[in-house]
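The structure appears below as structure tokens.
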Amino acid sequence: MANASDILRYIDSIARDKEIDKESLIVGIEQAMAQALAKKYGVDDIEIMLDRDTGEFQCNYDVSMEEQGRIFAMSVTQAIISKVREAERDVIYDEFETKLGEIVSGTIQRFEGDTVIVNLGRNIEGILPRSEKVRSENYNVGERIRALVYEVKKVGPRVKVILSRTHRDLVRALFELEVPEIADGTIMIRRIEREPGYRTKLAVDSADDKVDCVGACVGVRGNRIKSIIDELNGERIDIIRWNNDPVTLIANALKPSEVGDITLDPVTKKALVIVNEDQQSLAIGRRGQNVRLASKLTGWDIDIMTRAELERSVEAEDIAAEGGDADAIEIDDVDPEAPTAAPDEASAGEPAADPAAGDPAAGDPAAEDPAAATGEPGSNRDQTAGES
């Protein structure tokens, strides 16, 4: 066995190279040696202490470490390696747990099916699964990539660092890096909604009325927003000003289109927005992206209509309502006290034949026209219902 000074020097070297705590490493070595001796001698109360100053091992049993042999040395070595790996894993886990929601850079190392493996340095691998990749993006081995630390978890002796390129917080983190006013809290990001690879809507606000929150995010000649768009491979970003008034917020969220009247239904959380015909396609957006993201951003179900469409919709509803009233009139006009014919004597709506009255087809005007017999204008009533 190495001398005492060499042992302390080895421990210092391992702790420094692996960036793990020296004290925890010493405790792991003590436990590994105690377990090996307990297994060899069949006792369970062995205690090993390493003097932190001299490097000498002290045991509560009278045993010599130099005389334990090769098997004991191998057992202790394996236990120490295991402890070092666990300590290294814990250090990596603690480091990346503090980076949750932050952006890290790495190099694409390889592919495992649809999963991209990213080298984050110090033999740490980040995992970019299929669900966190942007469909419109291409990934090649050797390329540099920036991604959001989405999840960190321990799996056996390793740490899995899950990365994301689709999460909305990736946009938030990019703005925090590019816009100092957001990083220091002068400008607040109220809400973000995103369709990865296509479009993002960002609502910002500031407690200082003198600060142009939208202009600060865009930057001089758009330099700040351009850097973020380049990082997102051309994804479109709409920056709007947050407002507590839902009408103003909805109007801002539907930009760049110009909207007219906005009618809110607080019970159903629906908003009817009237736009000019030349603004309708812009308000809806490609494949409905603009209005869909605006609805998510504001929390209101937004319906876009032109004034002509609204008028046609109202007319259709009026016609439907009048038709329903006409049906109700016909039903209400039936005398509830009138006798009803038995099913086996007459069909619905026809009076039962009276054998004593003779044949109705013999020219009885009352039989030919029930309305004439009762004096009620039955034919006129049907015409009114049809017209209504």
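Here, each number is a calculation from the coordinates, and none is a lab measurement. Owing to the predicted nature of the structure, the values given are computational and were not obtained by experimental measurement. We place every Cβ from the backbone using ideal geometry, glycine too, and count neighbours over all the protein chains shown.
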Just need a number here: residues in the stretch 202-229 that are under 22 Å from Arg165 (Cβ atoms) and surrounded by fewer than 17 Cβ atoms within 10 Å (Cβ to Cβ). 3
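Here's the yes/no breakdown for (1) among the aliphatic types (A, V, I, L, M); (2) in contact with a Cys (Cβ under 8 Å, 6 or more places away or on another chain); (3) assigned to a helix (DSSP H, G or I):
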residue: Lys226; (1), (2), (3): no, no, yes
residue: Ile237; (1), (2), (3): yes, no, no
residue: Ile240; (1), (2), (3): yes, no, no
residue: Val247; (1), (2), (3): yes, no, yes
residue: Gly260; (1), (2), (3): no, no, no
residue: Gln279; (1), (2), (3): no, no, yes
residue: Val291; (1), (2), (3): yes, no, yes
residue: Met305; (1), (2), (3): yes, no, no
residue: Asp318; (1), (2), (3): no, no, yes
When you check Val179 against the structure, is it aliphatic (A, V, I, L, M) and crowded, with 16+ Cβ neighbours inside 10 Å, yes or no? yes
For residues in the stretch 250-267 being polar (S, T, N, Q) and more than 11 Å from Val291 (Cα to Cα), which is farthest from the chain's Cα centre (by Cα)? Thr263
Unique residue being in contact (Cβ under 8 Å) with a residue 60 or more places away in the chain and of a type outside the set (Phe, Trp, Tyr) when the list is Glu47, Glu66, Glu56: Glu66
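Can you tell me which residue among Ile229, Ile239, Ile250 is of a type in the set (Val, Ile, Thr) and more than 29 Å from Pro266 (Cα to Cα)?
Answer to the check: Ile229.
With Ile284, Ile302 as the choices, which residue is closer than 20 Å to Arg199 by Cα, without any contact (Cβ under 8 Å) to a residue 40 or more places away in the chain, of a type outside the set (Ser, Thr, Tyr) and crowded, with 18+ Cβ neighbours inside 10 Å?
Just a single option satisfies the conditions, and that option is Ile284.
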Failed item, numbered, when Val214 is tested on (1) assigned to a helix (DSSP H, G or I); (2) closer than 20 Å to Asp169 by Cβ: (2)
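So, in the stretch 153-172, exactly how many residues are surrounded by fewer than 20 Cβ atoms within 10 Å (Cβ to Cβ) and in a helix (DSSP H, G or I)?
Total satisfying the criteria: 3.
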Hey, can you tell me all the residues within the stretch 98-121 that are touching an Asp or Glu at 6+ places or on another chain (Cβ under 8 Å) and not β-branched (Val, Ile, Thr)? Leu100, Gly101, Gln109, Asn119
